[in-house]
Amino acid sequence: MSDGYRTAASRCELCDTEVENTGLKDLAGLRSCARCHGGDLELALRHWGLELDMKHTPRSYRTPERFSIEVKRPTFVEAFARLDRDSGNRGWFGRLFRQRDPEVGDRAFDDQVLIAPDAGHEEGTLALLARPGLRQAVLALVQLGCEIHLTGQSVWVFDRDGGAIDRISSLAQARPLAVVLAVHVERYAREDAR
């Protein structure tokens with residue numbers, strides 16, 4: 001028997017579907033419904049105007065297993081960079097490269113992520129990385145063993161460790177995180193365009 005009251009509802013920040021507040025889970029800084037959290041991202045892709053392209057190279061006797069994910073976004077943003085796991089290399093080569101590794105001021109992020117912005121795009125890249133949810137998505141992908149490339153209208157995610165950290169099951173984990181990262185970038189681009 002219903003008492004006529006409706007439970008509190010919110011919208012999934014990925015697919016924009018209305019769900020009960022208790023049905024939302026955090027996915028790298030975005031509150032998502034169970035469908036999006038579980039990897040069914042078709043509504044989210046449509047809602048944000050994103051295109052998803054994935055490539056998988058299975059392991060063979062000559063090549064390691066690899067994957068790449070590209071999420072194309074509709075709005076251009078002036079941020080071009082490569083983000084990768086910070087190896088903590090303290091040798092002369094590491095010190096030389098580290099001089100070009102800008103920091104965002106988040107110690108947990110800066111200690112684990114190496115930022116390599118393209119020449120002339122340092123300011124735009126750092127402005128984008130100032131967003132905590134975006135850093136959370138980048139950090140989650142880097143911890144899976146992925147390398148990230150940000151381009152004007154795409155987010156690229158590559159499995160650079162060849163399954164050394166996690167087997168290809170990381171593709172199932174990386175896919176929703178790549179979409180979440182693209183949504184974070186798209187939200188930033190739309191706000192910046194105003």
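Computed from the coordinates by the stated procedures, all read-outs in this text should not be read as laboratory data. Only a predicted model underlies this, so the values are computations on that prediction, with no experimental measurement involved. When we count neighbours, we look across all protein chains shown, and the Cβ atoms used for this are built from the backbone with ideal geometry, even at glycine.
At 0.36 nm per residue, minus the direct Cα-Cα distance, what do Glu20 and Asp118 gain on full extension? Give it in nm, one decimal, please.
31.0 nm is the gain from fully extending Glu20 to Asp118.
Residues Arg46, Arg73 in ascending order of nearby Cβ atoms (within 10 Å, fewest first): Arg46, Arg73. Given 20 °C and 1.002 mPa s, how large is the Stokes-Einstein diffusion coefficient of the stretch 19-73 in µm²/s, with Rh as the Kirkwood radius over Cα pairs? For the chosen part, D equals 159 µm²/s.
For Thr57 and Arg107, a Förster radius of 30 Å and the Cβ-Cβ distance give a FRET efficiency of 0.25, rounded to the nearest 0.05.
Packing, taken as the mean count of other beta carbons within 10 Å per residue, orders the peptides 105-115, 56-66, 182-192 from highest to lowest as 182-192, 105-115, 56-66.
For Gln143 and Ala130, the difference between the fully extended length at 0.36 nm per residue and the C-alpha to C-alpha distance is 2.8 nm.
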